[in-house]
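Colleague: After the structure tokens below, expect a handful of questions from me.
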Amino acid sequence: MNLKILLFPAAAACLMLGMHYAVFKSLICFFQISRPQVKIPMYAAMVILGLSFFTAFSLIHWRENIWTVNWYRFAAAWTGFAIHCLAAVAAAWILLAAARLAGLHLPAKILGAAVLATALAASAYGIWASYHPVVRQIKAEVKNLPKYWENSRIIHLSDPHLGHMYKSGFAERVTEKVNSLNPHLVLITGDLLDGMGGPYRENLAPLNGLSAEHGVFFVTGNHEHYVGINRALEIIRETPIQILDNQAVEINGLEIVGVSYPGINGLQNIKNLSGTKRPGTTRIAMFHTPTEMGISKKNMEEQHFANYWMPETSYVLNRKLGADLQLSGHTHNGQIFPVNLLTGLLYRGYDHGLKKINGLLLYVSPGTGSWGPPMRTSGRPEITLIRLVRKNKN
């Protein structure tokens, strides 16, 4: 296994401990805590909470029971709260420094209280928002759009992460919202299941009610691999959802090309692909990550790592495919502020929204569900309603 992959968990644990140290040390300063009887238990709690998500991750993969599941839920929510605390602490120190330069005095205890209140308010809003995706409409202008598909309604879902956090009730609400939009197609670009476990069959059951004139299509994401790709596909095949595993289908001049995560060696790997796109047809590509579809690494672990931390955004193979529109997800738009600033840098601005790349339209969904912390403060989760319109030749 690559050394970078082995070192990643250790680096992530150090980062989490460092984040917690910055928060706890700042709160000790703001509240002027000096008694060892208080500071020592606080630092002990800091270590336990700083490693809580890692212990929860390990325990829930070792054995799923009421204790490990609830510890995971707590640890995930705490991690989101800690990230908000860190952002609030950074803002407090900047405010304190600015006040001192201006010759003003800000009571430290009030700053500490403001940090906690801000983090609590952001986390509470984030939890509510994560369970209430909005419907976002976008217009995609494509050349040579078949008349049948003009002003059609295509629903794009990505990253529902059905598992321990987002369960059958969430899936039912999403299904009701989608059906109310009377779509022609529903396209799901991966991470339908959450890799942390859960009652998958029960959670998926409401999606059996998805109603679309020309069907529901799905491509895998990285979390289907965390579940176990064969197990994940077996569960999804029990539903009416049609899996496009490096496969193309054509419906009335609209060609849908599904590329499985983590990618392909070349276009020859796609079954039923018509080669050069025929005149008068439109081609939509479904791929989980907003990255190059071609595999650049020698094994799955390295490709996973690259798609997270060194994403390839040349889109060479994607444009060679001749797709008019690519639908992706994966990034969650960072999910929690200020993590979205990092995803924007990593994906060179291709981390959310509609982008134009040398003739290729790319739409990156911020996701319908969430992973880890059940919070959304870098933008709302969404059900995307895409309307295809003919591009003006001028």
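No lab work stands behind these numbers, since they all come straight from the coordinates. In this text the structure is predicted, and so the values were computed from the model without any measurement. Here Cβ is always computed from backbone atoms with ideal geometry, including for glycine, and neighbour counts include all displayed protein chains.
Colleague: Counting only helical runs of four or more DSSP H residues, what would the 222 nm mean residue ellipticity of the chain come to if each run contributes -39,500 (n - 2.57) and the total is spread over all its residues?
Modeller: The helix contribution divided over the chain gives -14000 deg cm²/dmol.
Colleague: With both bridge residues required to lie in segment 134-390, what share of the DSSP beta bridges run antiparallel, to the nearest 5%?
Modeller: 30
Colleague: First check a/c for segment 191-305, with a ≥ b ≥ c the square roots of the eigenvalues of its C-alpha gyration tensor; if it is under 1.5, answer rounded, and if not, answer prolate when a/b is larger than b/c or oblate otherwise.
Modeller: oblate
Colleague: Also, quick follow-up: Could you tell me which residue out of ILE336, GLY221, GLY275 lies farthest along the dipole of the chain toward its positive end? Charges go on the beta carbon: Lys and Arg +1, Asp and Glu -1, centred on the Cα centre.
Modeller: About the Cα centre, the residue reaching furthest to the positive side is ILE336.
Colleague: Moving on. Using θ = phi - 60° and the Karplus curve 6.51 cos²θ - 1.76 cosθ + 1.60, what whole-Hz ³J(HN,Hα) does each residue of segment 125-131 get, with Gly and Pro shown as x?
Modeller: 4, x, 5, 4, 4, 5, 9
Colleague: Give the shape of segment 289-345 as rounded, prolate or oblate, defined through the alpha-carbon gyration tensor: a ≥ b ≥ c are the square roots of its eigenvalues, a/c under 1.5 means rounded, and otherwise the shape is prolate if a/b is larger than b/c and oblate if not.
Modeller: Oblate.
Colleague: Let me ask something else about it. Name the shape class, rounded, prolate or oblate, that the alpha-carbon gyration tensor gives for segment 14-81, where a ≥ b ≥ c are the square roots of its eigenvalues, rounded holds for a/c under 1.5, and otherwise prolate holds if a/b is larger than b/c and oblate otherwise.
Modeller: Numbers: a/c = 2.87, a/b = 2.35, b/c = 1.22.
Prolate shape, in that a/c is at least 1.5 and a/b is the bigger ratio.
Colleague: Set the bar at 18 Å for Cα to Cα. Now go through LYS320/LYS356; LYS147/LYS320; LYS355/LYS391; LYS147/LYS391; LYS139/LYS391; LYS271/LYS356 and name every pair that lies beyond it.
Modeller: Flagged as over cut-off: LYS147/LYS320; LYS271/LYS356.
Colleague: Scan (1) 1.02; (2) 1.26; (3) 1.21 for the value of Rg/Rh (Cα atoms, Kirkwood Rh) calculated from this model and give just the label.
Modeller: It is the value labelled (1).
Colleague: So, one more: Calculate the length of the line joining the C-alpha centroid of segment 250-302 to that of segment 35-85, in whole Å.
Modeller: Distance between centres, Cα-based: 40 Å.
Colleague: To the nearest 10 degrees, how steep is helix 36-50 against the longest Cα principal axis of the chain, on a 0 to 90 scale?
Modeller: Approximately 10 degrees, to the nearest ten.
Colleague: Would you tally the net charge around LEU254, using a Cβ to Cβ cut-off of less than 10 Å, leaving LEU254 out, and scoring K and R as +1, D and E as -1? Provide the component values of the computation, followed by the final result.
Modeller: Numbers: positive: ARG283; negative: GLU250, GLU255, ASP324.
Within the 10 Å Cβ shell, the charges total -2.
Colleague: Only four residue types carry charge here, +1 at the Cβ of Lys and Arg and -1 at the Cβ of Asp and Glu. Report the dipole size of the chain about the Cα centre in Debye, rounded to the nearest 20.
Modeller: 980
Colleague: Between beta-carbons, use under 12 Å as the cut-off and find the net charge around SER314, counting Lys and Arg +1, Asp and Glu -1. Walk me through the intermediate numbers first.
Modeller: Details: positive: ARG319, LYS320, ARG348; negative: GLU292, GLU312.
Counting the neighbours of SER314, the net charge comes to +1.
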